[in-house]
1. Which percent of the accessible area of the range 263-329 is formed by carbon and sulfur heavy atoms (probe 1.4 angstrom)?
2. Write down the accessible area per residue of the range 84-126 in Å², having rolled a 1.4 Å probe over the full set of protein chains.
3. From the square roots a ≥ b ≥ c of the eigenvalues of the alpha-carbon gyration tensor of the range 293-340, which class results: rounded (a/c under 1.5), prolate (a/b over b/c), or oblate?
4. Probe radius 1.4 Å, ligands and nucleic acids left out: which of C387, C119 has the largest accessible area, and how do the rest follow?
5. Just the number, please: carbon plus sulfur as a percent of the accessible area of the range 51-161, 1.4 Å probe, no ligands or DNA/RNA counted.
6. Taking a 19 Å limit on the Cα-Cα distance, which of the listed pairs K404/K471; K492/K513; K579/K612; K379/K469; K249/K440; K513/K581 fall beyond it?
7. For the range 228-327, with every protein chain kept in place, what is the accessible area per residue (1.4 Å probe, Å²)?
8. Heavy atoms of the protein only, probe of 1.4 Å, neighbouring chains included. What is the accessible area of M315 in Å², nearest 10?
Amino acid sequence: MSTSNIKLKVQNFGRFLSNMVMPNIGAFIAWGFITAIFLYNANDPSAGGWFPNEGVSTAFIGPMITYLLPLLIGYTGGKLVYGDRGGVVGAVTTIGVIVGVTIPMFLGAMISGPLGGWCIKQFDKFIDGKIKSGFEMLVNNFSAGIIGMILALIAYFGIGPAVASLTNVLIVAVQFMVDHGLLPLTSILVEPAKILFLNNAINHGVFTSLGVTQVAETGKSIFFLIEANPGPGLGLLLAYMFFGKGAAKGSASGAAIIHFFGGIHEIYFPYVLMNPRLIIAVILGGMTGVFTLTLFNAGLTAPASPGSIFAVMSMAKGSYLGVTLSVLAATTVSFIVSAILLKTTKDNGKSLDEAMSDVTAMKSEAKGVSENSKLDLAKVKKIIVACDAGMGSSAMGAGVLRKKAEDAHLDISVTNLAINNLPTDADIIITHKDLTARAKQYAPNAYHISLTNFLDSDLYTQLVNDLVKAKGGQQVVQPTPTHQPLFKLNAKNVFLGLTAQTKEEAIRFAGQKLVENGYVKTAYIDAMLERERLTSTYLGESIAVPHGTIESKDDVINTGIVFCQYPAGVQFGEEEQDKAKIVIGIAARNNEHLDVIAKLTNALDDEKIIAKLTTTNDIEEVLAILS
């Protein structure tokens with residue numbers, strides 16, 4: 001088996017473990033707060049909570065850790081395998097491991113929950129199509145009950161005792177590491193694993209289970225902070241702020257804020273990949289943090305998720321000094337080592353964009369999606385053309401592609417959206433090359449196509465031809481939907497024979513006409529200029545569609561469009577030939593403007609019509625073409 005396949009299997013297994021715990025982190029935190037506030041320790045009152053209460057401590061802490069949390073994990077594990085039905089059988093199976101031993105059964109729940117879901121799934125496959133009509137509910141309920149009962153007994157007599165023995169071995173091994181000062185060595189594995197996106201698997205799949213068991217005995221656990229300590233990442237980002245170069249230096253301050261206060265550790269991964277030697281810095285920082293925790297016998301009362309300093313400190317009851325020093329020490333060591341490595345590196349290696357692309361690919365791989373996997377065109381059902389606001393550029397591109405797909409009788413949905421509204425089930429996403437990296441963050445599972453011209457007819461034609469070829473005879477004719485347009489273009493929306501020295505001048509003119517026609521507030525004009533600064537709204541084919549940012553939709557009063565003709569052209573794009581002769585200002589709260597844009601895109605393949613729109617001095621002729 002190749003190394004990449006082994007890594008993928010490890011990532012998939014780790015992801016499955018973490019997916020059982022992460023949806024239930026809120027319950028762990030609730031238990032952690034109750035423990036921190038009300039824990040009552042009769043033997044050592046100083047080891048109790050802020051407000052020790054024997055009644056509350058007895059009523060909540062023990063039952064939650066013994067029953068609630070393992071059952072939630074077991075149910076979630078079963079549900080991951082086979083939906084709600086698998087979740088129910090998984091929970092029934094889990095109760096068997098819970099009552100069979102005296103220690104909290106988190107590892108047991110991670111085994112018994114998925115086992116229950118798998119068994120009921122196999123049973124349903126076996127009887128599929130064999131049940132007489134009217135008996136389905138009877139069979140479903142009794143099969144789940146009987147299989148759940150059998151598995152609960154198996155868990156009680158077999159799985160529970162076996163896991164208890166394994167847990168005791170792990171506890172002894174961990175205690176050995178603690179007693180001999182070896183626990184900091186875990187950072188040698190943990191920090192590189194984080195870069196491979198195994199952090200959640202390690203933290204929630206392993207450390208959380210061990211940590212909760214330790215909290216039940218001592219009231220706190222070091223395991224909750226081995227992976228979640230924000231210090232190593234913060235030190236690395238601080239070093240980039242002072243000693244980095246270019247875009248990495250400029251962006252490090254913002255990344256540090258998001259990492260330290262927001263708890264999103266993934267944001268510093270690209271900075272490590274830019275200069276792989278820096279993995280040494282975060283390893284040493286992590287080891288220092290763990291060593292400091294062991295030195296002060298410090299820990300947290302529950303998982304800190306996300307790994308924000310706020311979440312960490314909220315769970316540090318009784319260990320504020322040790323936890324604070326742990327974060328500071330990890331930050332300091334990581335900063336010093338990173339600074340030395342950055343100063344002694346002649347070339348920072350990859351650019352930040354390249355490193356971020358690597359992170360996206362690795363994150364997709366960690367989720368079971370290969371960035372380099374070949375798209376199966378025969379299975380494509382949904383294509384989305386996306387831009388920043390989801391109005392002009394993407395609507396035009398989607399209109400061209402949709403028409404070509406309909407002409408080819410392809411049963412494919414072609415729509416346009418704003419990038420931050422991209423769904424996770426899209427098959428193909430088409431964006432401007434400057435927006436593709438951001439689109440991948442919102443839809444990492446899709447196949448992404450980058451372009452520089454949203455009206456690139458040749459690109460759309462080639463894509464449609466490839467789809468037709470891949471689907472063979474599977475395509476079917478779809479009826480063209482008919483509906484009344486919600487917005488109608490008229491003479492007050494058309495302005496011909498204009499001139500402008502710059503695109504900003506043309507955009508201001510279009511914006512002012514939108515204001516005068518009562519479509520937008522004056523603030524929308526500035527939003528149009530801001531949108532142009534983000535990415536050019538020039539589409540190609542002599543057409544530009546300036547519009548506001550997605551945040552400016554509140555400045556739109558009514559949906560409206562203005563058609564502005566510049567026969568001499570206005571420079572919109574980077575190339576000399578990127579001159580817009582048609583500037584369409586758009587204001588829309590929803591999708592009412594798409595009818596007019598659809599009319600325009602239907603004419604884009606006809607050069608004579610485009611030429612007529614760019615030269616005519618007859619408003620009625622424009623209205624006739626676009627109506």
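1. Numbers: 1760 of 2250 Å².
On the range 263-329, the fraction of accessible area on carbon and sulfur atoms equals 78 percent.
2. Details: 1600 Å² over 43 residues.
Dividing the accessible area of the range 84-126 by its residue count gives 37 Å².
3. oblate
4. Values: C387 0, C119 30 Å².
Of C387, C119, the descending order of accessible area is C119, C387.
5. On the way: 4030 of 5680 Å².
Using a 1.4 Å probe with all protein chains present, the range 51-161 comes out at 71 percent carbon and sulfur.
6. Numbers: K404/K471 15 Å; K492/K513 9 Å; K579/K612 16 Å; K379/K469 12 Å; K249/K440 23 Å; K513/K581 17 Å.
Among K404/K471; K492/K513; K579/K612; K379/K469; K249/K440; K513/K581, the Cα-Cα distance tops 19 Å for K249/K440.
7. Numbers: 3370 Å² over 100 residues.
Result: 34 Å² per residue.
8. 0
The values are calculated or read from the model by the stated rules, or taken from the named source; none is laboratory data. Please read all numbers here as calculations on a predicted model, not as lab measurements. Keep in mind that these areas ignore ligands, DNA and RNA; they rest on the heavy atoms of the full protein, side chains included. Shrake-Rupley method; radii C 1.70, N 1.55, O 1.52, S 1.80 Å.
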